[in-house]
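To keep things clear, I will list the structure first and then write my remarks on it.
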Amino acid sequence: MRVRARVSGVVQGVGFRPFVFGLASELELTGFVFNDASGVVVEVEGPQVDAFLLRLRSEAPPLASVESVSSVVVPEEGARSFEIRASPRGGAPDAPISVDTATCDACLAELFDPLDRRYRYPFINCTDCGPRFTIVTGVPYDRPWTTMASFVMCAACQAEYDDPRDRRFHAQPNACPECGPRVTLTEDAGAEAGGAGAADDVLAAAARALRGGAILAVRGIGGFHLACRADDEAAVARLRARKHREERPFALMARDAAMAATLVALEPAPSPPETAPSSPATALTSRARPIVIAPRLPGAAVAPSVAPRTPELGVMLPYSPLHHLLLADVGVPLVMTSGNVSDEPIAFENDDALERLAGIADVFLLHDRPIHTRVDDSVLRGGRIVRRSRGYVPATLPVAPAPPLLAVGAELKSTFALARDGRAWVSHHIGDLGNYETLRSFTDGVAHFERLFAVTPELVACDLHPEYLSTKYALDLDLPTDGVQHHHAHLAACLAEHGVERAAGAIYDGTGYGTDGTVWGGELLRGDLTSFTRLGHLWPVRMPGGEAAIRAPWRMACAWLLEIGHDVPEEWSRVAQLVRSGLNSPLTSSMGRLFDAVAALCGLRDTVTYEGQAAIELEARADRHETAAYPLDTTCTQPVYRGRTPVYDLDARLVLDARPTVAAVVEDVERGVDVALVSARFHNAVANATAAALRDEPVIVLSGGVFQNELLLARTLELLPRALTPRQLPVNDGAIAYGQAAIAARRAQSRTR
């Protein structure tokens, strides 16, 4: 009997062909296996074909994810052996590309074994670990279509690569000190800094520099980090000043889980287990190796400037051999923050880093393995994805089968998505589209994904905001456009991920362009993947100075004080006049801006130095044991007009009236009530009002950036335990592109019926 089988899923770059070879050999089957643009093709012949097909799925390698196995009987050929054949070129690439994966235990053992030929070699890898997405230039996944193409394997590496019994059998990034990439150490002017020799000498010199208080630029898998000792306040403060990063917390890298456990409490996620994708401890040690934000432990040996005014730290473990060696040599946790000037994309090429990071880094640890796609570290908090990037991209998500399309996302936390044939490739985190470099990274990423996944868009989906750079980019493409309302995209992203057709949702975030031209952000929606109804929203107030109010929460405090008829401080009088006149003060129903206002009223934060800072510090101060809540009324009302300006949509009848809430906050603050209690009562009020508005809905969604607030999400889920939240995507604007793609695909599908 002879069978031809096609295997689809994540089956390239994960040791699947060597696994097939070994399984066929064990079962004494003949035939062949090869990669093609759609996955893996196998032909097997012999008595145990049925057993082979069963085990093909159940015993797949650890990095593989088999989606389907289809097989047909073909004529017997009487072959005498089983072989791995070369991969043909051509056809539309359909095979998912594996994610970049942390160094496996077997490679780590070799890395630190003095008798191994790869002892302390910073680019050790095998079929179970190492770079994938960041080095791929094309498909199928074979060495000629990776950035390793220029490195010719030595005889020893080639022998491993050709040996079916070896762990590096057909491992495409396979290399060793004799034939593979090399590291160098230079000063910021490009002069050698004691590091042009053996990798061990280079890394020893880098470790000495770090121990001495230097700032080191480190080229990793997806780009550069800026590193320094986490316990050296002078070094951390110097890094902050040079990077122009005032207060936003720095990420840390610990040598291992034991060291991480001296820094943060890796407790289970606060949400019910069935709603949280993973616990912090599980996420920290996963193959993705994200940054995990967790509560800081008392006495953690971390400089105050690492994470000022927050009780949490973001910690990750080494995920490349170079990181493992560096952390082992330094012996203390390191700050490991993105290698950029704030608000720019990370540097990923050596020349670019030497130019852009000069004046920030004292020393540069470089290597010559090209990075094809720059990728930031992923971030999780409470077991939930905050930033989806390295280790998670480019895994696909489902959409309706429709013509090929591009979704360009929003402005902040930018991602894009390309879709065809019922699947969407959601990009890595790009950043905030506020400058030319980030926009270029965005457009380069779109072009790379189009080539890599053979998507030629016939339609582009974008946000309704006319001033978003992503929207302007979409309109310049000379393609049919599908405008998608911002909060509808949030709702749709969660619906599509969970395979749900329709739901009502609380979508709370900072800003999103509404269909009425006002700034939405505290929305109660009911909808599906084609349309939505605005069930209700937060009581709208003026946003004095427009975007200036985002950077200065005291402006929103002023607006809310005027809304409840309370006096405002004399120094706020000019802004108060803006509110009264409506000049440059758009109406907003933003829940994020309400959190800002309460933080300012509590005296926590008048201005912010990074997005969400006021709300983060308000959450941090909350007393988790407080159960009392301020009033936040859910009322039904007819549309109200101020002059000619509609306060509510004609469709909106449900209003979360936060005026009593703000009045109670002000009263308690003036009475000297502890801010911890004020914050907790406010959080409880929002959770209670959300539950009251949605508890009778059959399917409920909670999304939007405000729900990154663990306390608010946990309290709301206690009251709405059936509510759906994003699991494979963040609740923030990193999910917008996927939501746009899901909506545009379903609308396109509907038009063709």
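Only the coordinates and a few stated rules stand behind these numbers; no lab work does. Note that the coordinates shown come from a computational prediction; the quantities given were computed from them, not determined experimentally. Reconstructed Cβ throughout: ideal geometry from the backbone, glycine too, with neighbour counts over all protein chains shown.
Observations
- Per-peptide packing, taken as the mean over residues of other Cβ atoms within 10 Å, places 130-141, 571-582, 509-520 in the sequence 130-141, 509-520, 571-582 from highest down.
- Linear extension gain, Asp343 paired with Thr627, 0.36 nm per residue minus alpha-carbon span: 98.4 nm
- Footprinting exposure proxy for Met253, Met259 (fewest neighbouring C-beta atoms within 10 Å first): Met259, Met253
- A dipole drawn for the chain from +1 and -1 charges on Cβ atoms has a positive end, and of Ala149, Leu185, Thr137 the residue lying farthest that way is Thr137.
- Taking 7 Å steps out from each Cα toward its Cβ at Arg753 and His448 produces label points 3.8 nm apart.
- Counting only Cβ charges, +1 for Lys and Arg and -1 for Asp and Glu, the dipole size of the chain around its Cα centre is about 700 debye.
- Within the chain, DSSP assigns beta bridges of which about 75% are antiparallel (rounded to the nearest 5).
- Secondary-structure-derived ellipticity at 222 nm for the chain, considering helices only, amounts to -9000 deg cm²/dmol, per-run term -39500 (n - 2.57) for DSSP H runs with n ≥ 4.
- In the stretch 1-156, Cα pairs under 8 Å separated by at least six residues give a relative contact order of 29 percent.
- Phi-based couplings in Hz for the stretch 356-370 (Karplus 6.51, -1.76, 1.60; Gly and Pro marked x): 6, 9, 4, x, 9, 8, 7, 9, 10, 9, 10, 9, 10, 8, x
- The distance between label points at Asp231 and Leu475 comes to 5.6 nm (points 7 Å beyond Cα on the Cα→Cβ vector).
- Since only Val375, Val264, Asn35 are under comparison, the one whose Cα sits farthest along the positive direction of the charge dipole of the chain, derived from C-beta charges on Lys, Arg, Asp and Glu, is Asn35.
- Annotation: peptides 347-355, 179-187, ranked by per-residue average of other Cβ atoms within 10 Å with the highest first, follow the order 179-187, 347-355.
- With the highest mean first, a sort of the peptides 383-394, 328-339, 483-494 on other beta-carbon atoms found within 10 angstrom per residue produces 483-494, 383-394, 328-339.
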